[in-house]
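What follows is a short report on a single structure.
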Amino acid sequence: MSQLIEMPTLVDMSPSVAQLGTEAATIADERVAERYEAPCLTIRPLTGWAALDLAEIWQFRDLLFTLAARDVKLRYRQTALGAAWVVLQPLLAATIFAFVFGRVARLPSNGVPYFLFAYIGLVAWNLFSTTLSKAGGCLVGSSHLVSKVYFPRMVLPLSTAFGSLIDAAVSLAMLIVLMAIYHVAPGWGVVALPVWLALLLMLSLGVGFFTAALMVRYRDVQYILPVLTQMLLYASPVAYALSAVPAKLQIWFLLNPLSGLLEGFRWSLLGGTPPGWGAISFAAAASVLVFVGGACFFKRMEREFADVI
């Protein structure tokens with residue numbers, strides 16, 4: 001009689017083999033995950049004031065330049081005159097100011113033609129007002145981006161500065177033609193012109209940071225801002241010289257940083273008596289403080305934009 005030999009079946013060995021295979025696969029997956037782990041960005045609510053992260057803004061510089069180029073391309077799209085409005089707007093406004101303040105009111109213009117005097121003031125004012133209006137409404141106007149895509153929100157107001165600078169450059173090119181027509185040559189103070197442009201841009205962006213952050217929560221700001229800007233136009237020496245203001249009221253006008261900046265901007269191009277160093281120092285310090293304070297306020301409110309807008 002043959003003897004039967006009991007052999008281990010495959011069923012008895014399968015659990016240990018399956019367990020070893022599962023463990024090996026798990027270890028392999030963990031090692032692959034460690035080598036190719038994707039970056040993870042965690043967004044947490046802030047407590048207190050947040051520091052400005054300039055490195056993060058620099059990382060998104062491509063987006064900054066893209067938004068700036070889009071703003072320039074779309075500004076005068078589908079208009080009959082196109083970019084000619086950059087020159088026509090200050091020319092028409094200077095004509096009106098020259099008639100009202102020069103002919104009717106007969107205000108002094110420091111010995112230069114009133115039209116040229118008013119045009120120079122409007123070049124500086126348009127840089128300030130255009131940047132302020134566009135920076136103030138940039139978040140509400142780009143709500144579809146703010147609510148769906150993460151990026152440093154400060155990129156939006158900063159991108160509006162490029163279009164304003166291009167408009168200012170075109171207006172200054174037209175100013176060269178006007179100065180040649182009126183036979184007016186700039187003095188040595190023209191070397192300080194970039195300083196005034198930078199301070200005007202900082203002041204407008206600083207105020208724009210405040211208004212943009214407030215407009216997300218309080219839409220009333222979009223109706224108040226144009227009214228306040230129009231009032232500020234006549235409270236600043238744009239179409240008239242600061243010397244035309246009574247002496248006892250000049251101190252109140254100089255509390256407006258635009259007064260010192262406009263006087264310095266006009267002096268750089270027309271020469272004459274330079275503005276007082278006290279007024280210039282106050283205007284420069286105020287511009288820097290407003291810019292830094294507005295940026296910090298904007299950064300503090302940034303985490304609420306996507307939820308509220």
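The values are calculated or read from the model by the stated rules, or taken from the named source; none is laboratory data. Keep in mind the model is a prediction, meaning the values are calculated, not measured. A quick note on method: Cβ atoms are made from the backbone with ideal geometry, for glycine too, and the neighbour counts reach across all protein chains shown. Keep in mind that these areas ignore ligands, DNA and RNA; they rest on the heavy atoms of the full protein, side chains included. Shrake-Rupley method; radii C 1.70, N 1.55, O 1.52, S 1.80 Å.
Filtering the range 153-166 for residues that are out of contact with any Cys (no Cβ under 7 Å at 6 or more places or on another chain), closer than 29 Å to residue 277 by Cα and surrounded by 23 or more Cβ atoms within 10 Å (Cβ to Cβ) leaves a non-empty set. Annotation: of all residues in the range 77-96 being of a type outside the set (A, V, I, L, M, F, W, C) and at pLDDT 70 or above, the one that is surrounded by the most Cβ atoms within 10 Å (Cβ to Cβ) is 90. Return a yes/no flag: does the range 211-220 have any residue that is among the acidic types (Asp, Glu) and within 22 Å of residue 194 (Cβ to Cβ). Scanning the range 211-220, I find no residue that is among the acidic types (Asp, Glu) and within 22 Å of residue 194 (Cβ to Cβ), so the answer is no.
Just one of the listed residues (173, 135, 161, 212) is small (Gly, Ala, Ser) and over 16 Å from the mean Cα position of the chain (by Cα), namely 173. In this entry, residue 147 is excluded by the filter for residues that are surrounded by 17 or more Cβ atoms within 10 Å (Cβ to Cβ) and either farther than 18 Å from residue 264 by Cα or in contact with a Phe, Trp or Tyr (Cβ under 9 Å, 6 or more places away or on another chain) (or both).
In this entry, residue 282 passes the filter for residues that are farther than 23 Å from residue 137 by Cα, open to solvent by 70 Å² or more (accessible area, probe 1.4 Å) and at pLDDT 90 or above. From the list 298, 291, 265, which residue is open to solvent by less than 10 Å² (accessible area, probe 1.4 Å), aromatic (Phe, Trp, Tyr) and under 26 Å from residue 53 (Cβ atoms)? The unique qualifying residue is 298.
Can you go through 226, 274, 237 and tell me which one is within 21 Å of residue 202 (Cα to Cα), open to solvent by 70 Å² or more (accessible area, probe 1.4 Å) and modelled with pLDDT under 95? Among 226, 274, 237, only 226 is within 21 Å of residue 202 (Cα to Cα), open to solvent by 70 Å² or more (accessible area, probe 1.4 Å) and modelled with pLDDT under 95.
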